[in-house]
Amino acid sequence: MVNDEAFWVHFAAMEGLLDIAQQDSSLFDDLIILAKSGNLKVTELFSWAPAPKKQEVMRHYKDLYKSSPSSDVYRVLERLGISPASGYQMSVNRMNTPPVLDGRPDDNFWQTNKNELHFVQDSMDLKAIVQTGVKVGYDDTHLYLLFSCATLSTDDQDIEYALVGFDTNHNGGIDYTFEIDKNGRVQGEKDGIMDWNMEIDAKISLSSDGWIAEVAIPYAAIEWKKEIEKEVWGFNISHGVRGQNTALTSWSPTLGQPSNAQRYGDLIFE
């Protein structure tokens, strides 16, 4: 690259722009108007902008991605150096009494827990037509999940599933995923390697309009040895029908890449 004349011409232009902007930051005012009007090409210039100007554009595109996620807006945020998924956050509360794992939502903690995720169509900016309810809790030894999945397909041959991903290091690198289907079958991956031998306890209950999964994950199964309170993990969950990507819904939209941890939201342990 250092021998590429075009690179040095581009670099010199950016250096010149930076020098001018440091003397007169109003140079970016017209560019902000263009960026907010949808001219995505000019957003690259804001990598060189003074912090207040850059932050204004970052806030605009971060809000835009949250309300109308798209691959183009995602790439803009990547160029600006921020996580597009960081607007999706869920606080997780400590459980005084662990739930009885029976695939039912009648434990007191689930009944009183108001922090429930809401899903969108994974590849669009539309609220999911069929909602999936997800609640999360934790204690000293386990993480607990409750999924309430409305039926996506009435075909008995179709296999509905929930896909859960954890980025425990919170660095955009996927650590653990597992898939559980409505028949109670669980399979997982660790760092992208199939057949992770999980010690996950999961119970399923079926109804006429859907299915419920109640899951307990021991910290030892995901090699977590620290105090979890005040920690932040990358997290996402999707609900779909195996072999039908168009039916996929997610909490944090992944735009067709449900195993991409950079598109996860944040799980905040309180």
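Taken together, the values in this text are just the output of simple stated rules run on the coordinates, not laboratory data. Since the model is a prediction, treat every value here as computed from it, not as a measurement. Backbone-built Cβ (ideal geometry, glycine too); neighbour counts: all protein chains shown.
With only Lys, Arg, Asp and Glu charged, each at its Cβ (+1 for the first two, -1 for the last two), find how big the charge dipole of segment 86-269 is about the Cα centre; round to the nearest 20 debye.
Dipole size: approximately 340 debye.
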- Over segment 86-269, what per residue volume does the convex hull of the Cα atoms give, in whole Å³? 112 Å³
- Compute the separation of the alpha-carbon centres of segment 30-81 and segment 254-270 and state it in Å as a whole number. 21 Å
- Just add up the charged neighbours of GLU229: K/R +1, D/E -1, any other residue whose Cβ is under 11 Å from the Cβ of GLU229. -2
- Query: Hey, which lysines would be in cross-link range of LYS66, C-alpha to C-alpha under 28 Å, not counting anything within fewer than 8 residues on its own chain?
  - Reply: LYS36, LYS41, LYS53, LYS54, LYS114, LYS127, LYS135, LYS230
